[in-house]
Every structure is written in structure tokens, then in C-alpha cells.
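Working notes, structure below.
We did not get these values from a lab; they are worked out from the coordinates using the rules stated. Everything quoted here is computed from the prediction, not taken from an experiment. For neighbour counting, all protein chains shown are included, and Cβ atoms are generated from backbone atoms with ideal geometry for every residue, glycine included.
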Amino acid sequence: MIWEQQVTMQTDMLVDWDAFTQARSELGAGFVRILGYFQEDGIKSVAAIEVAMRAGSAAALVLPAHTLKGEARQFGAEPLGVVAEKIETIARTCVEKRDAPDAALEHVVGLRDLFESTMALLLREANPLVERRPTGFGRRAVGGM
């Protein structure tokens, strides 16, 4: 029971649900479509950040981190936005100093897991019926026959 409460507290901390609700309200009928764009862009941004980090390219980190930061915050994914902002800030400083972005590594390492966990919560909240749909067809899904 305590473990379940801790997991719930941790996942609740990934999304500011008031900001999420506000975005849903402001975006109206286009909300799910735009959330889908965020998912697509986020996947691309995280991959680009990882590639840039492996290459040691501060300049290549800036744009995908900036994009991820803004889109995450639009949906209330503040922790994701904060991590993306840290990566962007470090990268911009490194570009100015012509230095390698080694300081961003600790943030990049957990970025994919943070993005995937956050997206799972956002998508679940955007379409709560997804988790309740049966996995099979007819009786087999319901009765296990």
C-alpha cells in the first residue's frame, strides 16, 4: 500500500494536471491531435538530443532541447520541461564557449525514460478508455475461453 502511494505521488509529480486541463480546454477539439504531434516531436527531439550528445555537439543539442522544453510545458509536463531547459542552457553556454557539452550528460541519460513515463500519463489522461479496452475479441477477451 505504501509503495503504491509512493508510485502515485511520483507519477503525479510528472504532470501539472491543472496546466494539462487548461491546455485541453484552450485547444478544444484539436487537443488529442496536438498531443499526438507533441508525442511525435518528442520522440524525434529525444533521439536528436541523444545523437548530439554522443557526437559531443553542443550546437546540435540546442534546437531539439528547446522544442521539447516548450512543448512539454504546454501540456503541464514541467519536470520534462525543466530537464530539457537544463540541456538547452548547458548547450547554449557550450556553444558560446566552444566547449563540449559534457555537463549535459547527466540530464540526457534519464531523458528518454522521463519522456516515455510522462507521455504514458498524458496519453492515459487524454484517453482513459485505452487501458480498459479488451485485448481480444468477443468472449475470449472477457471470459478467458
Report summary line: Expressed in nanometres to one decimal, the distance between label points 7 Å along Cα→Cβ at residue 50 and residue 125 is 2.5 nm
Query raised in the report: Which of the lysines could be linked to residue 69 by a straight reach, that is with a Cα gap under 21 Å, when you skip same-chain ones fewer than 8 residues away?
Result: 44, 86
Query raised in the report: What is the local net charge at residue 101, summed over the other residues whose Cβ is closer than 13 Å to its Cβ (Lys, Arg +1; Asp, Glu -1)?
Result: -1
Requested in this report: With a 10 Å radius around each residue's Cβ, average the other Cβ atoms per peptide and rank 98-104, 115-121, highest first.
Outcome: 115-121, 98-104
Query raised in the report: Which distance in nm do the two modelled labels at residue 105 and residue 59 give, with both placed 7 Å along the Cα-to-Cβ direction?
Result: 2.3 nm
Report summary line: FRET efficiency (residue 95, residue 43; Cβ distance; R0 22 Å; to 0.05) is 0.35
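Rounded, prolate or oblate: which fits segment 57-128 when a ≥ b ≥ c are the square roots of the eigenvalues of the alpha-carbon gyration tensor, with rounded for a/c under 1.5 and prolate only if a/b beats b/c?
prolate
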**Report entry** Burial order of peptide ranges 69-81, 22-34 (average beta-carbon count within 10 Å, highest first)
**Finding:** 69-81, 22-34
